[in-house]
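The values are calculated or read from the model by the stated rules, or taken from the named source; none is laboratory data. Everything quoted here is computed from the prediction, not taken from an experiment. A quick note on method: Cβ atoms are made from the backbone with ideal geometry, for glycine too, and the neighbour counts reach across all protein chains shown.
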């Protein structure tokens, strides 16, 4: 115990107890907090009761199944948030002396870049973080995760950038036209392709789908919606089977696998389209980690462009722009 002018303050409170208390505050019930923490409801109840016993206050009023914070509970929540933030900062500071900069990093990675960037991200972060989490999902999910703090770093298309973060440009890639192998014997005319085959599209929730729709409107080409898939591999399979044509991007095609052997990849006729992929980082506590990660991502993107994309889409390589190239 520590004794001061204001009386006696117990040092028996632990950060684990405070984390449990805050989880109850956030979820509203003991059972929901137990589910979020992965422990039993009895353990949550015991932790909460122990805090109340140590501090000699009542933290919650019970209204049915829902818990309402008392004035004392509101005051403890205010201080608990700050105590845990300070504890986290202390943990980060001490890890620097162990050669580890941060205890954990959560990464959100857009699906179409996962094939190229997942391993370089892991290899870069292994000596810099104790725990690494990578989630590959459609871009709108990452914007939600950025806003509510679930991810520390994200890789997404530039039009999804959220204010208040540090951003690093990785690559600008063009749109490409996919046609069944040997469809064009001479000039590439997207109108002729659309007359003979249906188009296979990305599902409308993807930003790339909206970018493609804008391009089609600009060239005044009306295309009915017959096939609509979420994955590049399914789109490539449909084109390779001779059943459709499509528009995508070079890096996305790295997920097409063996289908590329039965697809011709052409530069998209003017005015074309392009998108810029960026890396975004939350907060200053990551120090120079985002800079290192952006550098390694660019190297991986450059290698993929020069050794893989150049084989199946050689005429598009010159339009792939990577900072520092």
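Taking residues in the stretch 203-222 that are assigned by TED's automatic domain parsing to the domain that holds residue 158, and partners anywhere that are surrounded by 13 or more Cβ atoms within 10 Å (Cβ to Cβ) and part of a loop (DSSP other than H, G, I, E, B), not one pair has Cβ atoms closer than 6 Å while being at least 6 places apart or on different chains.
Considering each residue of the stretch 251-261 in turn, at least one proves to be assigned to a helix (DSSP H, G or I), surrounded by 15 or more Cβ atoms within 10 Å (Cβ to Cβ) and in contact with a strand residue (DSSP E or B) (Cβ under 8 Å, 6 or more places away or on another chain).
Among the residues that make up the stretch 264-285, is at least one of them part of a helix (DSSP H, G or I) and closer than 30 Å to residue 104 by Cα? Yes: the stretch 264-285 contains one or more residues that are part of a helix (DSSP H, G or I) and closer than 30 Å to residue 104 by Cα. Within the stretch 66-99, the set of residues being under 17 Å from residue 20 (Cβ atoms) and at pLDDT below 75 comprises just one member, 88.
Is one or more of the residues making up the stretch 101-118 part of a loop (DSSP other than H, G, I, E, B), closer than 22 Å to residue 154 by Cβ and in contact with a strand residue (DSSP E or B) (Cβ under 8 Å, 6 or more places away or on another chain)? There is at least one residue in the stretch 101-118 that is part of a loop (DSSP other than H, G, I, E, B), closer than 22 Å to residue 154 by Cβ and in contact with a strand residue (DSSP E or B) (Cβ under 8 Å, 6 or more places away or on another chain). In the stretch 62-80 there is at least one residue matching the filter, namely being within 27 Å of residue 286 (Cβ to Cβ), surrounded by 14 or more Cβ atoms within 10 Å (Cβ to Cβ) and outside the structural domain of residue 136 (by TED's automatic domain parsing).
Would you confirm, using the coordinates I've provided, whether residue 198 is in contact (Cβ under 8 Å) with a residue 12 or more places away in the chain, over 22 Å from residue 250 (Cβ atoms), touching a strand residue (DSSP E or B) at 6+ places or on another chain (Cβ under 8 Å) and not assigned by TED's automatic domain parsing to the domain that holds residue 304? Yes; evaluated as a whole, the condition is true for this residue.
When the residues of the stretch 44-61 are filtered to those that are without any contact (Cβ under 8 Å) to a residue 12 or more places away in the chain and under 19 Å from residue 15 (Cβ atoms), which remaining residue is surrounded by the most Cβ atoms within 10 Å (Cβ to Cβ)? It comes out as 52. Among the residues of the stretch 262-280, not a single one is under 22 Å from the mean Cα position of the chain (by Cα), surrounded by fewer than 16 Cβ atoms within 10 Å (Cβ to Cβ), more than 15 Å from residue 174 (Cβ to Cβ) and outside the structural domain of residue 199 (by TED's automatic domain parsing). For the stretch 292-309, does any single residue satisfy the condition of being in a helix (DSSP H, G or I), under 15 Å from residue 175 (Cβ atoms) and in the same structural domain as residue 167 (by TED's automatic domain parsing)? The answer is yes; a qualifying residue exists. Selection of first residues in the stretch 310-325 that are at positive phi and of second residues that are at pLDDT 90 or above, restricted to Cβ pairs under 7 Å at least 6 apart or on distinct chains, gives the following pairs, ordered by first then second residue: 324/298.
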